Amino acid sequence: MRQDFRVAWRQLAKARGLTGAAVMVLALGIGTNTAIFSLMNTLLFQPPRYPKPNELVQIFSQDKKNPDTYRGFSYPTYLDIRDKNSVFTEVTAHNLAMVGVGEKSNTRRAFTDVVSSNYFSVMGVMPTLGRSFRAEEETPGRSAAVAIVSYNYWKREGLNPALLGSSILIDSRPFTVIGILPQGFTGTTQVFAPEIWLPLGVYDQVANDFETGNKDKLNDRAGRQFMIVGRLKPGVTATGAEPSLKTLAANLEKTYPVEQKDQTFTITPLSRFSLSTRPTSGNNIKRIAPMLFGMSAVVLLVACLNLANMLLARGAARRKEIAIRLALGSSRWRVIRQLLAEGFLLALAGGGFGLLLGLWSSDLLVSSLGRKLPIDIYWQTGLNMPVLIATFIFCLVGTLAFALGPALKLSRSAVIGDLKENSGEDMLVRRHRFLPRHPLVVLQIAFSLALLTAAALFIRGAGKAANIDTGLQTSTNYLLETDASLATYDQARSQDVYRTLEERLAGLPGVEHASISSTVPFGMIDLSKSVQRAGVHPSPDSKPATAAEGRAFNATLNSVGADYFKAVGLSLLRGRSFNSAETMQQTSAKVAIVDAVLAKKLWPDGDALGQQIQISDKEGAEAKPNETKNSIEVIGIVPYTPSSLFDKNSNGTLYLPFAGGFQSNVFFQLKFAPGAGRDLTGTAELIRRTVREVDGALPILSLRTFAQHLDANMELWIVRAGATLFSVFGGLALVLATVGVYGVKAYSVARRTREIGIRMALGAQRGTVQRMILREGAVMLAGGVLLGLLLAAATGKLISGMLYDVGALDPLAFTIAPLVLAAAALLATWLPAQRATRINPMVALRTA
């Protein structure tokens, strides 16, 4: 075997051009697979950073009458589960909150996990420095201002040991850092991690007001704030634990018939990604993973087909050498082994470069995601054993894919015939005349077209997403995000500050309209309320009830100022807008504006204007029959505007006056006159200066144009990332197919020099020779395109669920992709054809 590799090394060193091309091709193919494996390994297979993960489960509160409905737990219910269960060693409760970290004038958003005091013992992870939370720091109302920070937070502080015991500002309140967690710990999920952990005792101070249904106090038994995680006792399985939990739920329902009505408990293994009060399986990632692996495997297959063609073409020149070896007594197996050794060396060289390429590209993808999120991403960069093993396997598979076939074919040489043949001739013989001259190139073109078409579909979707019609006229809009609660202001003072700031912003030079809103379309935060027609309730026999029959359903919520619709360029269809008194003062008159979708859903056969509706914070909660004292009058109807890219089946949007739907985290929409506000730096500084003049303690969480806001949208990043990923797949396949066609035709022309010379000596014209070469290339191309279109159609159906507003058989994508591939392939054929016409017949006839 050592001798085989020494000979293989000398052979590859002699053919440096072929070796360099082969290594480059394999680096692209193997690197793509390494990048995808590295990504999926981290997301799906890498073990969590806590011990015995199989013992951890999440507990859910499920509605017995409506099994699809789940809710969170209250703190008292958590205590009951913790103290009265018989299947867990420990149980912990936690809830994510978005907080402001830093000085008042320089505050940034960050995620924190508010946890019970035993959280880290349940997870089996203790702080590297400092201590964990104590039981008394969990006590409701204790407000123990202590915090534990992540390793990444400590790293951003320069790994300064003095951070332990120091004070950091969270929501403008000082918290003492009592612990620093180990590197890589991400809490209950993989990859994504909070920066800070706080004790349950401070929940009432840091709970986010955008959790509209979860504003209950910590010790309120009717609350629905928390998720619960338990560690099973040794020998207890999730299935075996459920009967005991259901019994506990039934006992709690008897004890608390109102708060625990119709609730039972279920458990599932702890999710790798979800932080939800309802079970999720992570099916989206699990569904994407096979497709990504499949696409990357096709890239490797195209690369292997390319290289197999190169080896077959080169083998034509080595047939006499192999025939001599066989004639001297070398066995066929020895020849195959020698050729496989050459292929394996090529694969290892390509795999080495591919490994570097794959790790770099996967890190680049993750870093681009990190810039979009106010949450830590823990991504283990660099080499690790699973990635090394996977890359080595890709090298082995690649060797068999591109080297075994040519080795078997060349080792089948007819010794006498090959010794007599001129080694300079291209003697490729087709056993089936109906096949193209190079069937492997046809397959290469077909697979390349499938990937190129998939890339075109994703690019089309990304283009549509980037140019989505929001329904808003926001070309000259700026968005200012702030949160007065981070300056420790209560609702009354916050509204006063917001009123003053709105007036000052509206008076800036070039500003036509300025208005406040609790959310912004395509933002990170969505609010919702349960909406129904007032005074109409489903009859007991109406199953399922409709909205027209009084059924409550969730609709998107936005609390806005008087000038909001003018600021975003949304004209009223009917009715009137809010006035200043309604938006900044709690008035007796309760009014709302609905969009056309919500109006149609509530009154499908009538006019919503002037009608009465009722709303609730709780999902699906319905008002009591004949209860109208909390009804709200619909005073206006506006056009529908989507709140997210994939908002296809929206129930519509409900607009409330800002005072009636107060949120401390707000956005100010500034609409500048055409031509004004173009100086982004100057305009931003003017707005910042205005905020400081109104209240220096008011934090500026973000300030950007609406176009910049859309560009930072997470959903748009996903669509663009998909387009980029598949563009890379398609681009690699296109390059490999083009190189393959060019390589085969160029080598074929070089090996057919004698034949072409004879043809020209016998009177063949240059144009005739050129057309002959082009015709052979065209036959390969036609066969590949026909087969590729079938594969592309199947691929389009497979990825249709991931495409944004693009059909699986989009005509434009299915036109552009074949044209691009055909143009590249014909160019790759034309260049060798041109070279063939320049062959001197006399020189060609003397070729040995």
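The values are calculated or read from the model by the stated rules, or taken from the named source; none is laboratory data. Remember, predicted model here, so these are calculated numbers, not experimental data. Neighbour counts run over all protein chains shown; Cβ positions are idealised from the backbone, glycine included. Note: areas computed on protein heavy atoms with side chains; ligands, DNA, RNA excluded. Shrake-Rupley method; radii C 1.70, N 1.55, O 1.52, S 1.80 Å.
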* Name the pairs whose Cβ atoms lie under 9 Å apart, with the first residue in region 185-205 and more than 23 Å from residue 140 (Cβ to Cβ), the second among the hydroxyl-bearing types (Ser, Thr, Tyr) and not in a loop (DSSP other than H, G, I, E, B), and 6 or more positions between them or separate chains? -> 185/151; 190/42; 191/42; 195/112; 195/153
* To do: Please work out which one of (1) modelled with pLDDT of 90 or more; (2) assigned to a loop (DSSP other than H, G, I, E, B) is the condition residue 271 fails and give its number.
  => (1)
* Structure fact -> Going through region 128-139 in order, the residues found to be farther than 17 Å from residue 175 by Cα and either β-branched (Val, Ile, Thr) or touching a residue at least 24 places away in the same chain (Cβ under 8 Å) (or both) are 128
* How many residues does region 807-821 hold that are in contact with a helix residue (DSSP H, G or I) (Cβ under 9 Å, 6 or more places away or on another chain), among the aliphatic types (A, V, I, L, M) and open to solvent by 20 Å² or more (accessible area, probe 1.4 Å)? -> 4
* **Subset of region 591-615 that is aliphatic (A, V, I, L, M) and out of contact with any Ser or Thr (no Cβ under 9 Å at 6 or more places or on another chain) - its residue that is most open to solvent (accessible area, probe 1.4 Å)** => 609
* Single residue of 844, 782, 750 found to be modelled with pLDDT of 75 or more and among the hydrophobic types (A, V, I, L, M, F, W, C) -> 782
* Looking only at region 115-142, count how many residues are under 25 Å from residue 266 (Cα atoms) and assigned to a loop (DSSP other than H, G, I, E, B). => 4
* Asked: Would you call residue 14 at pLDDT below 80 and basic (Lys, Arg)?
  -> yes
* Structure fact -> Scanning region 409-450 residue by residue, the ones that are open to solvent by less than 20 Å² (accessible area, probe 1.4 Å) and at pLDDT 80 or above total 6
* Asked: Just checking, how many residues over region 711-726 are surrounded by fewer than 22 Cβ atoms within 10 Å (Cβ to Cβ) and in contact with a Phe, Trp or Tyr (Cβ under 7 Å, 6 or more places away or on another chain)?
  -> 2
* Tally the residues that are in contact with a helix residue (DSSP H, G or I) (Cβ under 6 Å, 6 or more places away or on another chain), open to solvent by less than 30 Å² (accessible area, probe 1.4 Å) and either part of a helix (DSSP H, G or I) or under 17 Å from residue 514 (Cα atoms) (or both), restricting the search to region 671-699. => 2
* Every pair of residues 6+ apart whose Cβ atoms lie under 9 Å, when the first sits in region 688-701 and is closer than 18 Å to residue 109 by Cα and touching a residue at least 12 places away in the same chain (Cβ under 8 Å) while the second is part of a strand (DSSP E or B) and open to solvent by 40 Å² or more (accessible area, probe 1.4 Å) -> 699/108; 701/108
* To do: Hey, could you check region 78-114 for residues that are part of a helix (DSSP H, G or I) and in contact with a strand residue (DSSP E or B) (Cβ under 6 Å, 6 or more places away or on another chain) and say which is most open to solvent (accessible area, probe 1.4 Å)?
  => 82
* Structure fact -> Here the residues within region 769-818 that are closer than 21 Å to residue 739 by Cα and either outside any helix (DSSP H, G or I) or of a type in the set (D, E, K, R) (or both) are 771, 775, 776
* Structure fact -> Filtering region 482-509 for residues that are assigned to a helix (DSSP H, G or I) and open to solvent by less than 10 Å² (accessible area, probe 1.4 Å) leaves a count of 7
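Table: residues versus (1) more than 26 Å from residue 221 (Cα to Cα); (2) among the aromatic types (Phe, Trp, Tyr); (3) open to solvent by 20 Å² or more (accessible area, probe 1.4 Å).
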site	(1), (2), (3)
236	yes, no, yes
257	no, no, yes
260	no, no, no
273	yes, yes, yes
304	yes, no, no
* Asked: Out of all the residues in region 147-165, is one or more at negative phi, at pLDDT below 85 and polar (S, T, N, Q)?
  -> no
* Please work out if residue 229 is crowded, with 21+ Cβ neighbours inside 10 Å and modelled with pLDDT of 90 or more. => yes
* Which one is most open to solvent (accessible area, probe 1.4 Å) among residues in region 383-398 that are in contact (Cβ under 8 Å) with a residue 60 or more places away in the chain and over 14 Å from residue 349 (Cβ atoms)? -> 397
* **Matching option when the condition is out of contact with any Pro (no Cβ under 6 Å at 6 or more places or on another chain), modelled with pLDDT under 75 and either of a type in the set (Gly, Ala, Ser) or not in a helix (DSSP H, G or I) (or both), among 361, 368** => 368
* **Criterion violated by residue 671 - all others in (1) in contact with a Ser or Thr (Cβ under 7 Å, 6 or more places away or on another chain); (2) charged (D, E, K, R); (3) farther than 25 Å from residue 465 by Cα satisfied** => (3)
* Asked: Would you call residue 70 closer than 22 Å to residue 203 by Cβ, open to solvent by 40 Å² or more (accessible area, probe 1.4 Å), touching a residue at least 12 places away in the same chain (Cβ under 8 Å) and among the hydroxyl-bearing types (Ser, Thr, Tyr)?
  -> yes
* Looking at region 625-635, which of the residues that are open to solvent by 60 Å² or more (accessible area, probe 1.4 Å) and modelled with pLDDT of 50 or more is farthest from residue 532 (Cα to Cα)? -> 629
* Check 136, 157 and return the single one that is more than 33 Å from the chain's Cα centre (by Cα), open to solvent by 10 Å² or more (accessible area, probe 1.4 Å) and among the acidic types (Asp, Glu). => 136
* Among residues of region 156-193, those that are closer than 30 Å to residue 46 by Cβ and among the basic types (Lys, Arg), counted -> 1
* Among the residues of region 312-358 satisfying the criterion of being modelled with pLDDT under 75 and within 22 Å of residue 736 (Cβ to Cβ), which is surrounded by the most Cβ atoms within 10 Å (Cβ to Cβ)? -> 313
